[in-house]
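*Asks:* Below is a structure I'd like to ask you about.
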Amino acid sequence: MSARATRIVAAAALWLVALALRGPLEADPLTHVLVQLTMLGAAGWALAPLVALGRGDWNRGGWACLILAIAAMAIWMLPRSIDAALADPRWEAAKFVTLPFLVGLPLGLGWARAHPLLRAVLRAQCLSMLGVLAFLYTHAPLRLCNAYLVEDQQRLGLGFLALALALAAGWALPLFRASAVPSPRHKERLA
Amino acid sequence: MHPALASLALALAGVGALGAASDGFAALTTESARRLTAARDRPAMLRVTLETMDGTPEALPAPGQATVVEFIYTTCPEICQVAGSEMAQLRDRIAAAPLAGRVRLISLSFDPERDTPEQMARYGGWHGAGGWHWTVARPAPDDLPGLLAAYGVTVIPDRMGGYAHNTALHVVDRAGRLVAILDTDDLAGAEAALARALK
């Protein structure tokens, strides 16, 4: 199978599994947010290298696409959007369209052209945001979603924390490789 | 298009969409959104006939009076019992002038299967709901989904045989419009909303 076909099949599979397992995934906020929403975003991300649209000058540096992805992500971070997806079929349909095409896809199109410095800032921002969410969801005395119990909300908070730790480890560990570390200055001076 | 211009356009569109999805950044949760909607839009509420703890029919919203509606289920171990005692305090407040006789308090069961008139009378007895200012009532099962949707109440199983729900005081004016949603312990706020609704 060509690389192109592999990407299309992977995206379709992620999208269809997220749809087919709607019931069980959405019954728990932890799997709704961290598994289903991630799968839908990943479906769009997988398609990014196949889309020529992102190669135009308008997306130089990836800024435009990253801004679009972050704005769409912010809307899906509102607790009321999650409630709405459960209560209103129009919001549920919008979830299955916007997460692949307005979050995952532009994130991929922007990331591919983003300067390493911008990527580093976004990674740091992502970790701190997950930390804030983890604190909020484990400590909020009230339910943030009317559709979920407070103990499930707290488990989601711990899920945000676990994700932050896993991403931090995954992003930091490669930096310990010898080839990833710039040579110390004093050696240059000695040479 | 210049990349800075494209970024600016998308940033503006993004902020606009986020503002639209959050009522101008005022409501990030469903609960704050429905409270904002009540205060701003005053939506007309469904008119139904309830069955009270005395077995009598009861019009909701109350004709010619302001109504305070609180959704409960009587077998609730915690929050509905607290809500019941707070409702009793509210009853004491509205029994006095200037609201006396102008306000109907209704603890409305969303569990009409289990909450028979006898069971509702027991809950009323625990909290001193005498039926005059304040009664406990249940809807016909067919009316329940429409009532929950109109008032914006979400009921979910709590995995212990009971329910979790967004508990609040819903103030309905004499024209049958939902005009305020308040925390169950916000008695001063409820009194003020009733005074406004009856003006």
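The values are calculated or read from the model by the stated rules, or taken from the named source; none is laboratory data. Keep in mind it's a predicted model, so treat the numbers as computed, not measured. Cβ: placed from backbone, ideal geometry, glycine included. Neighbour counts: every protein chain shown. For accessibility, only protein heavy atoms count, side chains too; no ligands or nucleic acids. Shrake-Rupley method; radii C 1.70, N 1.55, O 1.52, S 1.80 Å.
*Asks:* Check off (1) modelled with pLDDT under 95; (2) under 18 Å from the mean Cα position of the chain (by Cα); (3) outside any helix (DSSP H, G or I) for B:A100 and give me the number that stays unchecked.
*Replies:* Of (1) modelled with pLDDT under 95; (2) under 18 Å from the mean Cα position of the chain (by Cα); (3) outside any helix (DSSP H, G or I), only one is false for B:A100: (2).
*Asks:* Taking the stretch B:50-73 as the region of interest, how many residues are under 20 Å from B:P145 (Cβ atoms), over 14 Å from the mean Cα position of the chain (by Cα) and open to solvent by less than 50 Å² (accessible area, probe 1.4 Å)?
*Replies:* Total meeting the criteria: 3.
*Asks:* Let me ask something else. Determine the pairs where a residue that is closer than 21 Å to A:A74 by Cβ and touching a residue at least 24 places away in the same chain (Cβ under 8 Å), located within the stretch A:15-39, has a partner that is outside any helix (DSSP H, G or I) and of a type outside the set (A, V, I, L, M, F, W, C) with Cβ atoms under 9 Å apart, the partner being 6 or more residues away or on another chain.
*Replies:* Correct list of pairs: A:P29/A:Y148; A:H32/A:Y148.
*Asks:* Let me confirm something: among A:A18, A:A64, which residue is in contact with a helix residue (DSSP H, G or I) (Cβ under 7 Å, 6 or more places away or on another chain) and farther than 21 Å from A:A93 by Cα? Explain how you work it out, then say what you get.
*Replies:* Numbers: A:A18 fails: farther than 21 Å from A:A93 by Cα.
Result: A:A64 is the single residue among A:A18, A:A64 that is in contact with a helix residue (DSSP H, G or I) (Cβ under 7 Å, 6 or more places away or on another chain) and farther than 21 Å from A:A93 by Cα.
*Asks:* Ok, one more. Identify the residue in the stretch A:152-178 that is more than 17 Å from A:R119 (Cα to Cα), assigned to a helix (DSSP H, G or I) and at pLDDT below 95 and, among all such residues, is least open to solvent (accessible area, probe 1.4 Å). Quick ask: steps written out before the conclusion?
*Replies:* First, pick out the residues of the stretch A:152-178 that are more than 17 Å from A:R119 (Cα to Cα): A:152-163, A:165-166, A:176-178.
Pick out the ones that are also assigned to a helix (DSSP H, G or I) and you get A:152-163, A:165-166, A:176, A:178.
If we keep only those that are at pLDDT below 95 as well, we get A:176, A:178.
On the way: A:F176: 159, A:A178: 92 Å².
So the residue we want is A:A178.
*Asks:* Are there helices (runs of 4 or more DSSP H) fully within the stretch A:41-98 with at least 2 residues that are facing another protein chain (nearest Cβ under 7 Å), touching a Leu at 6+ places or on another chain (Cβ under 7 Å) and over 20 Å from A:N146 (Cα atoms)? List them.
*Replies:* Working: elements: A:63-76, A:79-87, A:89-98.
Once the helices (runs of 4 or more DSSP H) in the stretch A:41-98 are filtered for at least 2 residues that are facing another protein chain (nearest Cβ under 7 Å), touching a Leu at 6+ places or on another chain (Cβ under 7 Å) and over 20 Å from A:N146 (Cα atoms), what remains is A:63-76.
*Asks:* For A:H115, are the conditions met, namely being more than 12 Å from every other protein chain (Cβ to nearest Cβ), in contact with a Gly (Cβ under 7 Å, 6 or more places away or on another chain) and open to solvent by 80 Å² or more (accessible area, probe 1.4 Å)? Full working, then the answer.
*Replies:* Numbers: more than 12 Å from every other protein chain (Cβ to nearest Cβ): yes; in contact with a Gly (Cβ under 7 Å, 6 or more places away or on another chain): yes; open to solvent by 80 Å² or more (accessible area, probe 1.4 Å): yes.
Taking the combined requirement at face value, the residue satisfies it.
*Asks:* Follow-up. Given the conditions (1) surrounded by 20 or more Cβ atoms within 10 Å (Cβ to Cβ); (2) more than 16 Å from the chain's Cα centre (by Cα); (3) hydrophobic (A, V, I, L, M, F, W, C), and given that B:M87 satisfies all but one, which numbered condition is not satisfied?
*Replies:* With (1) surrounded by 20 or more Cβ atoms within 10 Å (Cβ to Cβ); (2) more than 16 Å from the chain's Cα centre (by Cα); (3) hydrophobic (A, V, I, L, M, F, W, C) applied to B:M87, the lone miss is (2).
*Asks:* Right, next: Would you mind telling me which numbered condition in (1) out of contact with any Cys (no Cβ under 9 Å at 6 or more places or on another chain); (2) within 14 Å of chain A (Cβ to nearest Cβ) B:R93 fails?
*Replies:* Every listed condition holds for B:R93 apart from (2).
Okay, residues lined up against (1) over 17 Å from A:I67 (Cβ atoms); (2) surrounded by 15 or more Cβ atoms within 10 Å (Cβ to Cβ); (3) at pLDDT 95 or above; (4) within 21 Å of the chain's Cα centre (by Cα):
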| position | (1), (2), (3), (4) |
| --- | --- |
| B:M1 | no, no, no, no |
| B:A9 | no, yes, yes, no |
| B:L12 | no, no, yes, no |
| B:V15 | no, no, yes, no |
| B:A27 | yes, yes, yes, yes |
| B:A33 | yes, yes, yes, yes |
| B:R40 | yes, no, yes, yes |
| B:A44 | yes, no, yes, yes |
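Yes/no per residue for (1) buried (at least 16 other Cβ atoms within 10 Å of the Cβ); (2) of a type in the set (K, R); (3) not in a strand (DSSP E or B):
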residue: B:T135; (1), (2), (3): yes, no, no
residue: B:D142; (1), (2), (3): no, no, yes
residue: B:A149; (1), (2), (3): no, no, yes
residue: B:V153; (1), (2), (3): yes, no, yes
residue: B:M160; (1), (2), (3): no, no, yes
residue: B:H170; (1), (2), (3): yes, no, no
residue: B:A180; (1), (2), (3): yes, no, no
residue: B:T184; (1), (2), (3): yes, no, yes
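*Asks:* Count, please, the residues in the stretch B:4-45 that happen to be out of contact with any strand residue (DSSP E or B) (no Cβ under 8 Å at 6 or more places or on another chain) and either in a helix (DSSP H, G or I) or more than 14 Å from every other protein chain (Cβ to nearest Cβ) (or both).
*Replies:* Applying the first criterion (out of contact with any strand residue (DSSP E or B) (no Cβ under 8 Å at 6 or more places or on another chain)) to the stretch B:4-45 yields B:4-33, B:36-37, B:40-41.
In the following step, the residues that additionally are either in a helix (DSSP H, G or I) or more than 14 Å from every other protein chain (Cβ to nearest Cβ) (or both) were identified as B:4-21, B:30-33, B:36-37, B:40-41.
Looking only at that region, the number is 26.
*Asks:* In the stretch A:132-178, which residues are closer than 24 Å to A:G23 by Cα, of a type in the set (A, V, I, L, M, F, W, C) and touching a Leu at 6+ places or on another chain (Cβ under 7 Å)?
*Replies:* A:A147, A:L156, A:F160, A:L163
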